[in-house]
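Input: a single structure, listed below in structure tokens.
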Amino acid sequence: MGLFKKNKRNLNYLEMHPFRRYEFEFRGNELVDVLVPRFTSKFAAKYILPRMKNPYIRANLDELGSYLWLNIDGETSVSILIDKMVERFSDRVEPATERVLLFLTQLYRAGFIGFYELTKRS
């Protein structure tokens with residue numbers, strides 16, 4: 001599934017445990033904004049961030065993405081996350097496995113989440 005192209009490891013994506021790397025805030029009822037730091041370098045944090053109104057960029061998630069984000073806790077496996085999505089949204093999320101894996105891969109590549117199994121092996 002695209003996540004491990006560079007690192008050819010014998011890991012089962014469905015058994016992995018994602019965790020959040022960024023904080024979030026609620027927007028409305030159940031929608032989430034992920035707070036992505038504008039700068040990660042120490043120089044920018046020291047000299048540029050104090051002059052800015054907001055040190056974060058808000059990544060707005062839709063209803064499906066917000067629900068998945070809220071269930072990413074570092075203890076729940078990807079397969080259980082898929083089951084939760086199907087239980088909550090039924091036909092709206094089909095094909096559930098492909099959609100959830102694609103979304104998690106996008107979050108991983110953007111640095112929003114990590115996987116404990118990858119950090120242990122590094």
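Readers should treat all values here as calculations from the given coordinates under stated rules, not as data from a laboratory. The shown structure was predicted, so the numbers you read here are calculated from the model rather than taken from an experiment. Every residue, glycine among them, receives a Cβ derived from its backbone with ideal geometry; neighbour counts consider all protein chains shown.
With a Förster radius of 25 Å applied to the beta-carbon distance between residue 79 and residue 56, the computed FRET efficiency rounds to 0.20.
Note on residue 119 and residue 15: the extension gain reaches 36.0 nm, defined as 0.36 nm multiplied by sequence separation minus the Cα-Cα distance.
Taking a ≥ b ≥ c as the square roots of the eigenvalues of the Cα gyration tensor, segment 14-121 is classed as oblate, since a/c reaches at least 1.5 and a/b does not exceed b/c.
Close amide H partners of residue 56, meaning residues 5 or more places away or on another chain with modelled amide H under 5 Å apart, are 38. For residue 27, the residues whose amide H sits under 5 Å from its own are 32, 33, ignoring neighbours fewer than 5 places away on the same chain, with H placed 1.01 Å from N. Ordering of 73-80, 25-32 by packing is 73-80, 25-32, highest average first (other Cβ atoms within 10 Å, averaged per residue). Put simply, when 108-114, 54-60 are sorted by average Cβ atoms within 10 angstrom per residue, most first, you get 108-114, 54-60.
Scalar couplings 3J(HN,Hα) for segment 106-115, obtained by applying the Karplus form with A = 6.51, B = -1.76, C = 1.60 to θ = phi - 60°, are 5, 4, 5, 5, 7, x, 6, 10, x, 10 Hz; x denotes Gly and Pro.
Note that segment 19-24 has calculated 3J(HN,Hα) couplings of 9, 7, 9, 10, 6, 8 Hz, one per residue in order, obtained from phi through the Karplus relation 6.51 cos²θ - 1.76 cosθ + 1.60 (θ = phi - 60°); glycine and proline are x.
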